[in-house]
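So the structure is just underneath, and the comments pick up after that.
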Amino acid sequence: MNTTIKPYLLAALFLTSAFVSCNQSEKTGDQRFDQKAVVLNDSAVKIQMNFISRNISKDSVLKIASLWKQAIEIDPTYQIAYLNLWNFNNSMQLFNENIPLSSDWLKNQPNNPDILIKRGLVYEQLGKTDLSNKDYEAALQIISAKPAPAINKNMTQEQIAEAVSRAFNIFIIKKDSKEPLDVLSKLQALFPKDTKVESGYEALKSSTRAEYINTVLGQDGLLAHT
């Protein structure tokens, strides 16, 4: 895609992606998942990384998508494969592909608000606002049912990450940055050197909701290995 992405917005996207985890040893892999699925996922990532900033042939698009689909078929609990295929489809503007993908993803993560929001974003992109609002409302119910992390100087890194992610989700759902910015400004005062907080705050302060969504739906290269 040719859209220029603001550095802070891109950084925030890396830091708030729901299922992206740190790379593990290629020798051991992630033993929680079927290793055949892991190999397929990593093969697709390697092919995709070779085409960043270049045109990808139709055959290559089909090959990459097929590898992730095979990984999901082998292990439907392998969340990274869903996330990578979702990101890849968006980067190729194959938005219609992400509706059934998100629905299948939700079957094994039915109470995950991040996936509901992802499907809602795609519905919104396709102009299906009634369906997107339905997903956003369902996601908000799940988010609201869990108490927000208490903002204080004793927060763990996991709690900080949860608070930042929650702020971005609220930003998307409520279409207003006031509440999320308030949370992130409080976090910034307590943790001025935390990259997650700084990137999140700057992204929300300097970007509109439309800019953030356009970045989410065109994040070329933001793919996760095991």
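Here are the numbers for this structure:
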quantity: Selected residue (only one of 210, 203 is small (Gly, Ala, Ser), more than 12 Å from the chain's Cα centre (by Cα), more than 30 Å from residue 71 (Cα to Cα) and modelled with pLDDT of 90 or more); calculated: 210
quantity: Filtered residues of the stretch 70-87 (kept if over 21 Å from residue 114 (Cβ atoms) and not polar (S, T, N, Q)); calculated: 73, 74
quantity: Which numbered condition residue 190 fails, given (1) surrounded by fewer than 19 Cβ atoms within 10 Å (Cβ to Cβ); (2) more than 26 Å from residue 134 (Cα to Cα); (3) out of contact with any Leu (no Cβ under 8 Å at 6 or more places or on another chain); (4) at pLDDT below 95; calculated: (4)
quantity: Test: residue 71 is of a type in the set (A, V, I, L, M, F, W, C), more than 18 Å from the chain's Cα centre (by Cα), surrounded by 15 or more Cβ atoms within 10 Å (Cβ to Cβ) and modelled with pLDDT under 95; calculated: yes
quantity: Some residue of the stretch 122-142 being surrounded by 18 or more Cβ atoms within 10 Å (Cβ to Cβ), touching a Pro at 6+ places or on another chain (Cβ under 6 Å), at pLDDT 95 or above and not charged (D, E, K, R); calculated: yes
quantity: Filtered residues of the stretch 143-164 (kept if farther than 23 Å from residue 110 by Cβ, of a type in the set (Gly, Ala, Ser) and exposed (fewer than 15 other Cβ atoms within 10 Å of the Cβ)); calculated: 150
quantity: Residue 83 vs. criteria buried (at least 18 other Cβ atoms within 10 Å of the Cβ) and under 16 Å from the mean Cα position of the chain (by Cα); calculated: yes
quantity: Qualifying residue in the stretch 176-187 (condition: within 18 Å of residue 118 (Cα to Cα) and outside any helix (DSSP H, G or I)); calculated: yes
quantity: Among (1) at negative phi; (2) in contact (Cβ under 8 Å) with a residue 24 or more places away in the chain - the single one residue 175 does not satisfy; calculated: (1)
quantity: Residue list for the stretch 145-173, restricted to those being of a type in the set (A, V, I, L, M) and either in a helix (DSSP H, G or I) or touching a Ser or Thr at 6+ places or on another chain (Cβ under 8 Å) (or both); calculated: 145, 160, 161, 163, 164, 167, 170, 172, 173
quantity: The stretch 95-106 residues that are in a helix (DSSP H, G or I) and surrounded by fewer than 22 Cβ atoms within 10 Å (Cβ to Cβ), paired with ones that are small (Gly, Ala, Ser) and at pLDDT below 95 (beta carbon under 9 Å, 6 or more apart); calculated: 97/65
quantity: Which numbered condition residue 114 fails, given (1) modelled with pLDDT of 95 or more; (2) under 18 Å from the mean Cα position of the chain (by Cα); (3) surrounded by fewer than 23 Cβ atoms within 10 Å (Cβ to Cβ); calculated: (1)
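The values are calculated or read from the model by the stated rules, or taken from the named source; none is laboratory data. Treat the numbers as computed from the prediction; the structure is a model and nothing was measured. FYI the Cβ positions are ideal-geometry reconstructions off the backbone, even for glycines, and counts take in every protein chain you see.
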